[in-house]
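A.B. asks: Below you will find the structure I want to go over with you.
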There are 2 protein chains.
Amino acid sequence: MRSPGRRIEDELAAFLGREQVLPGTAAEFLHDATEERGVSGWADAVVLPRSADEAAAALAWCYERDVPLVPRGGGTGLSGGAVPQGGVVLSTDRLQAVRSFVPELWRIEVEAGVRTADLRRRVRENGLLFPPDPGAAEQSHVGGNVATNAGGPHAFKYGTTGAWVTGLEAVVPPGDVVRVGGTLRKDVAGFDLKRLLIGSEGTLALVTAAWLRLVPAPESVLPVVAFFPHLESGCEAVGDVVGSGVVPAALDYLDEGALRLAGPSFPGRVPEGAAFAVLAEADGSEAEAASVLDDLVRVFEGSALAVETGFDRGALWRWRDGVSLAVATASGGKVSEDLEVPVERLVDAVRGTVEIGLRHGLTGVSWGHAGDGNLHATFLVARGDPSGQEAARRACGELFDLTRALGGSVSGEHGLGLLKRDHARWSPRVAALQRQIKAAFDPKGLLNPGKKI
Amino acid sequence: MRSPGRRIEDELAAFLGREQVLPGTAAEFLHDATEERGVSGWADAVVLPRSADEAAAALAWCYERDVPLVPRGGGTGLSGGAVPQGGVVLSTDRLQAVRSFVPELWRIEVEAGVRTADLRRRVRENGLLFPPDPGAAEQSHVGGNVATNAGGPHAFKYGTTGAWVTGLEAVVPPGDVVRVGGTLRKDVAGFDLKRLLIGSEGTLALVTAAWLRLVPAPESVLPVVAFFPHLESGCEAVGDVVGSGVVPAALDYLDEGALRLAGPSFPGRVPEGAAFAVLAEADGSEAEAASVLDDLVRVFEGSALAVETGFDRGALWRWRDGVSLAVATASGGKVSEDLEVPVERLVDAVRGTVEIGLRHGLTGVSWGHAGDGNLHATFLVARGDPSGQEAARRACGELFDLTRALGGSVSGEHGLGLLKRDHARWSPRVAALQRQIKAAFDPKGLLNPGKKI
């Protein structure tokens, strides 16, 4: 007798065409970046549609048969949002077209499977900037960025992905292709369904394409890294930058532990005794960037051990993007959580991460987007260490309690996915509204079930 | 026998307190800026709550008795969104508190009844900018700006109201005070209910307070006005500015007719033969603003009759804000519609407004936010001229058809309100989603009934 999974795979292949369907055992579609903490799923089949209509056909097929469907982008998620628990994985790997690009009007329309870095390179070649720059941009897809409203270092000045989306094409149960918004820069006819889909983690609709707004790339971009002797003086400097009225393009940080682990590959000199690093960037015309850089250096020099400028930008950001990997490599794995707190409470959240780790026998470190109060709080745990993983699970629970006590959110930019869906807190009326919205889009609850809500 | 209206007024007064309730005949609560086209409503009572809890009590009272409730801000709406058709008007006039203001963290929390201009002045005194600057800012309320996702000239660079809202406090049927978002700059836990309320025109919830994000005010702001001999050369210059990669803070326009009517009060010289004016602004540090201004002047000089700089900014924007009134004054009234088209179709929409007017024996003029493709297309009609009003109604119908044919929206920033709710077009699935969302928030359909959807 064939397994149910094999039956689903065969029937889907007969319906959609064999070349669009892979077995549910195709390992690369069963996990995302949470694999480093041992999270993995299972599926009955994987479909790889080449168009929104094919994606709609796949969803309709699933919907008729009560089969769950899990949308999947580049698989770089950090909350398990794309990890299936049975059903069909729909990958946007083949939705790679740039449907239109009008550089002189700062507009592009891309399919969901276009990689973030490819999009950024393509528009940059035309003098334009697509500002969102989440980590793992070489792998992540635009559709995934929309699904989590992805941020990144430059969200401080430029906002998250949602700020740059003017329209979405999406497949909505039971299998309709809908378009919400388009190329228009403003539109207040109707409720803003586009903004409702942004950050909905594939639980309301499957995004197949996005109309994006762009902006002329700044003429000059000048990074600066400042090292501080204490967590407190570093966080104070972050506040001083904001309070001084200067607007950096990015305002990231690494705490002492993250600096210790990622410091060796830093493309510059980490001074003795550095316990906190701030990575900021000045951008604009040449004169503007130079003037903002001067302001940043002046603020940092008040309390820093060292202030470095003159970096190769590419090398610096490659290093920054590699912090996560450097930290994971140090002890064979990590459990990392994306937390958002009011910026003035960053110091408490960073300190709390270390202290909570200590109470559970774990090394806690953090880094992230200081200006947004967004920290990637991390416990070092080897992947194959079940008791360490269990300790990290308990430590994360305390971290979520601390975040809420600080007036924060359990996710700034990674989403709730599978791992944090039980950790957000809503008032009863807000919870009911969310359930009703979910039911309006997906009455059978088959779209990315068990995620987000 | 007392009228039902009188009974509602008396019962509400007994429940909420006499000082919070006015008769439904209080004329100033029965119309908005559409009064100039003869639109007015009627109500049973007006309530003026002093807190979110009092507003929730009023809504609960209405909800129990199946009485409609119409939220009202400053009454400057241009789509009849605040015009009641029976029921209770809830005015935010007394929700005027600034609940918190932390200038050094670029944050403010204000109640819905704070006037836009007061908010802008208050933050400006602390070196900060709240960028949205819709017309009638001295009268309009922050709550109303949120309800229509109001824009204004500087939305071109800075985005509309929604881009600056990090959280909302709102009253949701049957009478719950909810909070969605807060001071956090990023948050992807849960669906983005805040963004769903923004632009929902009081049909889903009554906004009672908003957490707003601010930004340091630019050091220097330099306006420039360029006059062109034809519509075509003017629109081309708008495209050239965008295509040149310069980012002005504002990029507004007046067509020939609007320029003729508003020109006499222009704080400068309007050259002979001017058929199109572009009003742009450069901002940033002193060096940056000067450099952007240079770029703008260079682009305009290619085809302009005259390019003027060195304006008194206050005088220039007071004049720009008065264009609507100057146009209305010219013939004792006007019928004005807020349309949004792709920016490259602005020329067609401006020309179409004139041509459609001619076909109906009306003078058609327009002005608006050129860089966003947002035009305020207007027919001159005396308020007391029923046949002119009827001609304008038919002309607007053609204008909406043209807008849709150009790939546009029937509202860029004013909302659908009472007057345009039948003119937006949705696919069946999108229409159904909107109805279901409305039903989730307002199952009895009592919140601003007959508006938007």
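Where a number appears in this text, it was derived from the coordinates with a stated rule and is not lab data. Note that the coordinates shown come from a computational prediction; the quantities given were computed from them, not determined experimentally. Cβ coordinates were reconstructed from backbone atoms using ideal geometry, including for glycine residues, and neighbour counts include every protein chain displayed.
A.B. asks: So how much slack lies between residue A:286 and residue A:60, counting 0.36 nm per residue of separation and subtracting their Cα-Cα distance, in nm? Mind dumping the intermediate values first?
C.D. replies: Details: separation 226, 0.36 × 226 = 81.36 nm, distance 5.30 nm.
Result: 76.1 nm gained on full extension.
A.B. asks: Which distances in nm, rounded to one decimal and ordered from shortest, link the label point of residue B:6 to the equivalent label points in the other identical copies, with labels set 7 Å from Cα toward Cβ?
C.D. replies: From this label point to the equivalent ones elsewhere in the assembly: 8.3 nm.
A.B. asks: Follow-up question, since we're still on this one. Could you list the residues of segment A:302-324 with an amide nitrogen less than 17 Å from a label point located 7 Å from the Cα of residue A:269 in the Cα-to-C-beta direction?
C.D. replies: What the label zone holds, given the 17 Å backbone N cut-off, is A:304-312.
A.B. asks: A follow-up question, please. Quick one: label points 7 angstrom along Cα→Cβ at residue A:25, distances to the other copies in nm, smallest first?
C.D. replies: 8.3
A.B. asks: Average partner chain C-beta neighbours within 10 Å, per residue of B:398-408?
C.D. replies: Working: counts 0, 0, 0, 0, 0, 0, 0, 0, 0, 3, 5.
For peptide B:398-408, the averaged partner shielding equals 1.
A.B. asks: Using a basic spin-label model with each label point 7 Å from the Cα along Cα→Cβ, how many nm lie between residue A:431 and residue A:85?
C.D. replies: 1.7 nm
A.B. asks: Hey, if you drop one equal point scatterer on each alpha-carbon of segment B:212-262 and run the Debye formula without solvent, what base-10 log of I(q)/I(0) do you get at q = 0.14, 0.24 Å⁻¹?
C.D. replies: Evaluating at q = 0.14, 0.24 Å⁻¹ gives log10 I(q)/I(0) of -0.51, -1.01.
A.B. asks: Sort segment A:342-440 into rounded, prolate or oblate with this rule: let a ≥ b ≥ c be the square roots of the eigenvalues of the Cα gyration tensor; rounded if a/c is under 1.5, and if a/c is not under 1.5, prolate when a/b is larger than b/c, oblate otherwise. All intermediate terms of the calculation are to be shown ahead of the outcome.
C.D. replies: On the way: a/c = 2.24, a/b = 1.44, b/c = 1.55.
Oblate, since a/c reaches 1.5 and b/c is not below a/b.
A.B. asks: Pick out, in residue order, every one of the trypsin sites (Lys or Arg not before Pro) in segment B:197-304 that is DSSP loop and has at most 12 other C-beta atoms within 10 Å; say none if there are none. Intermediate results must be reported in sequence, preceding the final value.
C.D. replies: On the way: sites: B:213, B:260, B:269, B:298; in loops: B:269.
Those satisfying the criteria are B:269.
A.B. asks: May I ask you to order B:127-133, B:325-331, A:74-80 by the average number of other C-beta atoms within 10 Å around their residues, highest value first? Don't skip to the end; give the middle numbers.
C.D. replies: Numbers: B:127-133: 21.4, B:325-331: 17.9, A:74-80: 25.3.
Packing proxy ranking, top to bottom: A:74-80, B:127-133, B:325-331.
A.B. asks: Quickly work out the residue B:14-to-residue A:393 label distance, labels modelled 7 Å from Cα along the C-beta direction, and quote it in nm with one decimal.
C.D. replies: Placing both labels 7 Å beyond Cα along the Cβ direction yields 5.9 nm.
A.B. asks: Plugging the Kirkwood radius over Cα pairs into Stokes-Einstein for segment A:220-321, at a temperature of 25 °C and a viscosity of 0.890 mPa s, what D comes out in µm²/s?
C.D. replies: 184 µm²/s
A.B. asks: Using the Karplus curve 6.51 cos²θ - 1.76 cosθ + 1.60 with θ = phi - 60°, work out ³J(HN,Hα) for each residue of segment A:56-73 in order, rounded to whole Hz, and write x for Gly and Pro.
C.D. replies: So the Karplus estimates, Gly and Pro as x, are 5, 4, 5, 5, 4, 4, 4, 5, 5, 9, 6, 9, x, 10, 10, x, 9, x Hz.
A.B. asks: Which parts of segment A:198-228 would a label at residue A:312 reach, counting a residue when its backbone N lies under 20 Å from a point 7 Å out along Cα-to-Cβ?
C.D. replies: Under 20 Å, as judged by backbone N against the label point of residue A:312, lie A:220-226 of segment A:198-228.
A.B. asks: Can you show me the helix-derived [θ] at 222 nm for chain A, built from DSSP H runs with n ≥ 4 at -39,500 (n - 2.57) apiece and divided by the number of residues, rounded to the nearest 500. Mind showing how you got there, number by number?
C.D. replies: Numbers: 14 runs with 153 residues, N = 453.
Helices in chain A give a 222 nm mean residue ellipticity of -10000 deg cm²/dmol.
A.B. asks: Same structure, new question: So if a site counts as exposed when it's one of the GluC sites (Glu not before Pro), its DSSP state isn't H, G, I, E or B, and it has at most 11 other Cβ atoms within 10 Å, what's the longest stretch of chain B without one? Intermediate values should be presented prior to the final figure.
C.D. replies: On the way: sites that count: B:125, B:272.
Excluding the exposed sites themselves, the longest stretch runs over B:273-453.
A.B. asks: Karplus couplings for segment A:25-34 from phi (6.51 cos²θ - 1.76 cosθ + 1.60, θ = phi - 60°), rounded to Hz, Gly and Pro as x?
C.D. replies: 8, 4, 4, 5, 9, 10, 8, 10, 5, 7
A.B. asks: Something else now. Count the net charge of all other residues whose Cβ sits under 10 Å from the Cβ of residue B:45, scoring Lys and Arg as +1 and Asp and Glu as -1.
C.D. replies: Values: positive: B:6, B:7; negative: B:9, B:10, B:11, B:44.
Summing Lys/Arg as +1 and Asp/Glu as -1 gives -2.
A.B. asks: Please compute the average number of Cβ atoms from other chains found within 10 Å of each residue's Cβ in peptide B:433-444.
C.D. replies: 4
A.B. asks: For segment A:355-363, what does the Karplus curve 6.51 cos²θ - 1.76 cosθ + 1.60, with θ = phi - 60°, yield as ³J(HN,Hα) per residue in whole Hz, taken in order and with x for Gly and Pro?
C.D. replies: In residue order, the calculated couplings are 5, 5, x, 4, 4, 10, x, 10, 7 Hz.
A.B. asks: Let me ask something else. List the trypsin sites (Lys or Arg not before Pro) within segment B:115-203 that fall in a DSSP loop (any state other than H, G, I, E or B) and whose Cβ has at most 12 other Cβ atoms within 10 Å. Can you show the working numbers first?
C.D. replies: On the way: sites: B:115, B:120, B:121, B:122, B:124, B:157, B:179, B:185, B:186, B:194, B:195; in loops: B:185, B:186.
Counting only loop positions with at most 12 other Cβ atoms within 10 Å, none of the trypsin sites (Lys or Arg not before Pro) in segment B:115-203 qualifies.
A.B. asks: Are there trypsin sites (Lys or Arg not before Pro) in segment A:61-109 that DSSP puts in a loop and that have at most 15 other Cβ atoms within 10 Å, and which ones? Walk me through the numbers before you get to the answer.
C.D. replies: Values: sites: A:65, A:72, A:94, A:99, A:107; in loops: A:65, A:94.
Passing sites in segment A:61-109 are A:65.
A.B. asks: On a 0 to 90° scale, report how tilted helix B:231-243 is relative to the longest principal axis of chain B, with both axes built from alpha carbons and the result rounded to the nearest 10.
C.D. replies: Approximately 80 degrees, to the nearest 10.
A.B. asks: Apply the a/c threshold of 1.5 to the C-alpha gyration tensor of segment B:280-344 and tell me whether it is rounded, prolate or oblate.
C.D. replies: Working: a/c = 2.21, a/b = 1.76, b/c = 1.26.
Because a/c hits 1.5 or more and a/b exceeds b/c, segment B:280-344 counts as prolate.
A.B. asks: In nm, what does the list of distances from residue B:244 to its counterparts in the other copies look like, shortest first, when each label sits 7 Å along Cα to Cβ?
C.D. replies: 3.3
A.B. asks: Please average, across the residues of A:174-186, the number of beta carbons from any other chain that are within 10 Å of each residue's own beta carbon, and give a whole number.
C.D. replies: On the way: counts 1, 1, 6, 2, 6, 2, 4, 1, 4, 7, 11, 14, 18.
Other-chain Cβ atoms within 10 Å of each residue's Cβ, averaged: 6.
A.B. asks: Still on this structure: Where the centroid of each part is defined by its Cα atoms, how far is segment A:81-154 from segment B:34-74 in Å?
C.D. replies: That distance is 44 Å.
A.B. asks: To continue, here is another question. Residue B:96 versus residue A:230, label points 7 Å from Cα toward the beta carbon: distance in nm?
C.D. replies: It works out to 4.6 nm between the two label points.
A.B. asks: If you don't mind, there's one more thing I want to ask. List every residue whose amide H lies under 5 Å from the amide H of residue B:74, counting only residues 5 or more places away in sequence or on a different chain, with H placed 1.01 Å from N in the peptide plane.
C.D. replies: Counting only residues 5 or more places away or on other chains, the set is B:141, B:144.
A.B. asks: Given R₀ = 51 Å, FRET efficiency for residue B:139-residue A:401 by Cβ-Cβ distance, to 0.05? Let's see the in-between values first.
C.D. replies: Working: r = 45 Å, r/R0 = 0.89.
The calculated FRET efficiency here is 0.65.
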